[in-house]
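One structure below.
The values are calculated or read from the model by the stated rules, or taken from the named source; none is laboratory data. Keep in mind that this is a model prediction, so the values were computed, not measured. Cβ sites come from the backbone with ideal geometry, for glycine too, and all protein chains shown count toward neighbours.
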Amino acid sequence: MNFDYTLYLVTDRQLMSCDSLTEAVEQAILGGCTMIQLREKELSSLEFYNQAVAVKQVTDKYHIPLIINDRIDIAMAVQATGVHIGQHDLPAAAVRKVIGENMLLGVSASSIAEAIQAQQDGADYLGVGAMFPTGTKTDADSVSMEELQKIRAAVSLPIVVIGGINKGNAGRFKPMGIDGLAVVSAIIAQSDIKAAAAELKDLFCGKEKKN
Ligand code: TPS
């Protein structure tokens, strides 16, 4: 199946200025987000599951894929589109065995070796970064633009870039063959989530904002 990775929102309720995650996700989709990842690092299993059920209602309404961060069990329980894992979660090959061929598997990579390994292990797409300094994930290894170019050349999988992506840099990636932007704070922490998403999408696609 073909997915549109153009603008991939990764959620973080701690950074939101409104208190409804479902409302934030809906605004992001209305602004043009093409994929949503539910990322919850603090919640109990039950609370995470309940959030996933609620967010899935919104993503289903707009036919937008929902990806669950790290929790394969929750992804399967809510029939999410897929799961996204990092280098310290279960190994990608093991996750692929558990989820089967019909769920999407995303893997974080910050080096050429990690990217090639993830592709061999059955990943469907890569989240490459952190491209720029980010306060959202403090343990993320950094990736230079040169390394990104090498990763792009080394794998055939779709790649989204992540980490410090904002309107100042969103325009740099499409010409390098990158499939999309994965964004936390530059969307979720904004007071107008819909407008923030729309602007990033235009910048990624190479459209200047007209005032
Ligand atoms: C698709 N990750 C790397 S940097 C970062 C996260 C969550 C924070 C970015 O925040 N690729 C995908 N999903 C993930 N969860 C990761 C990588 C891991 P900000 O946009 O505020 O800088």
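Only one of the numbered conditions (1) of a type outside the set (G, A, S); (2) surrounded by 20 or more Cβ atoms within 10 Å (Cβ to Cβ); (3) farther than 25 Å from R13 by Cβ is not met by Q190, and that is (3).
For Y5, the conditions (1) within 14 Å of the ligand (Cβ to nearest atom); (2) outside any helix (DSSP H, G or I); (3) out of contact with any strand residue (DSSP E or B) (no Cβ under 6 Å at 6 or more places or on another chain) are fulfilled apart from (3).
Which of the following residues is closer than 19 Å to M16 by Cα and touching a residue at least 40 places away in the same chain (Cβ under 8 Å): V160, V183? Lay out the reasoning, then the answer.
Numbers: V160 fails: closer than 19 Å to M16 by Cα.
Criteria check complete, one pass: V183.
For T22, the test of being more than 11 Å from I188 (Cβ to Cβ), in contact (Cβ under 8 Å) with a residue 40 or more places away in the chain, among the polar types (S, T, N, Q) and out of contact with any Pro (no Cβ under 6 Å at 6 or more places or on another chain) is failed. Do we have any residue at all in region 148-170 that's away from the ligand (no atom under 16 Å from the Cβ) and either at pLDDT below 95 or of a type in the set (S, T, Y) (or both)? Looking through region 148-170, at least one residue is away from the ligand (no atom under 16 Å from the Cβ) and either at pLDDT below 95 or of a type in the set (S, T, Y) (or both).
Would you be able to say whether some residue in region 121-129 is under 23 Å from V184 (Cα atoms), loosely packed, with under 15 Cβ neighbours inside 10 Å, within 13 Å of the ligand (Cβ to nearest atom) and modelled with pLDDT under 95?
Within region 121-129, the first condition is being under 23 Å from V184 (Cα atoms), and the residues that meet it are 123-129.
Next, from what is left, pick out any that are loosely packed, with under 15 Cβ neighbours inside 10 Å: none.
No, every residue in region 121-129 fails to be under 23 Å from V184 (Cα atoms), loosely packed, with under 15 Cβ neighbours inside 10 Å, within 13 Å of the ligand (Cβ to nearest atom) and modelled with pLDDT under 95.
Answer with yes or no whether D12 is surrounded by fewer than 18 Cβ atoms within 10 Å (Cβ to Cβ), within 15 Å of the chain's Cα centre (by Cα) and not hydrophobic (A, V, I, L, M, F, W, C).
Details: surrounded by fewer than 18 Cβ atoms within 10 Å (Cβ to Cβ): no; within 15 Å of the chain's Cα centre (by Cα): yes; not hydrophobic (A, V, I, L, M, F, W, C): yes.
It is false that D12 is surrounded by fewer than 18 Cβ atoms within 10 Å (Cβ to Cβ), within 15 Å of the chain's Cα centre (by Cα) and not hydrophobic (A, V, I, L, M, F, W, C).
Of Q27, Q57, all but one fail to be crowded, with 21+ Cβ neighbours inside 10 Å, in a helix (DSSP H, G or I) and away from the ligand (no atom under 16 Å from the Cβ); the exception is Q27. If the condition is being in a loop (DSSP other than H, G, I, E, B), of a type in the set (S, T, N, Q) and more than 20 Å from Y125 (Cβ to Cβ), then region 30-54 contributes only S44.
Do we find a residue being more than 13 Å from V78 (Cα to Cα) and among the β-branched types (V, I, T) anywhere in region 46-55? Scanning region 46-55 turns up no residue that is more than 13 Å from V78 (Cα to Cα) and among the β-branched types (V, I, T).
Residue by residue, here is whether (1) closer than 19 Å to P158 by Cα; (2) buried (at least 19 other Cβ atoms within 10 Å of the Cβ) holds:
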site	(1), (2)
G177	yes, no
A182	yes, yes
S185	no, no
A195	no, no
E208	no, no
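Scanning region 58-73 for residues that are more than 17 Å from the chain's Cα centre (by Cα) and over 15 Å from E26 (Cα atoms) yields a count of 1.
Would you pick out the residues in region 51-94 that are among the basic types (K, R) and under 27 Å from A113 (Cβ atoms)? If you could, list the steps in order and put the result at the bottom.
We begin by selecting, within region 51-94, every residue among the basic types (K, R); these are 56, 61, 71.
Listed by number, the list holds a single entry, R71.
Being within 13 Å of the chain's Cα centre (by Cα) and either more than 11 Å from the ligand (Cβ to nearest atom) or surrounded by fewer than 20 Cβ atoms within 10 Å (Cβ to Cβ) (or both) is the requirement here; does I116 meet it? Criteria not met by I116. Considering every residue within region 132-145, establish whether at least one is near the ligand (Cβ under 8 Å from one of its atoms) and of a type in the set (K, R). Yes, there is a match, as at least one residue in region 132-145 is near the ligand (Cβ under 8 Å from one of its atoms) and of a type in the set (K, R).
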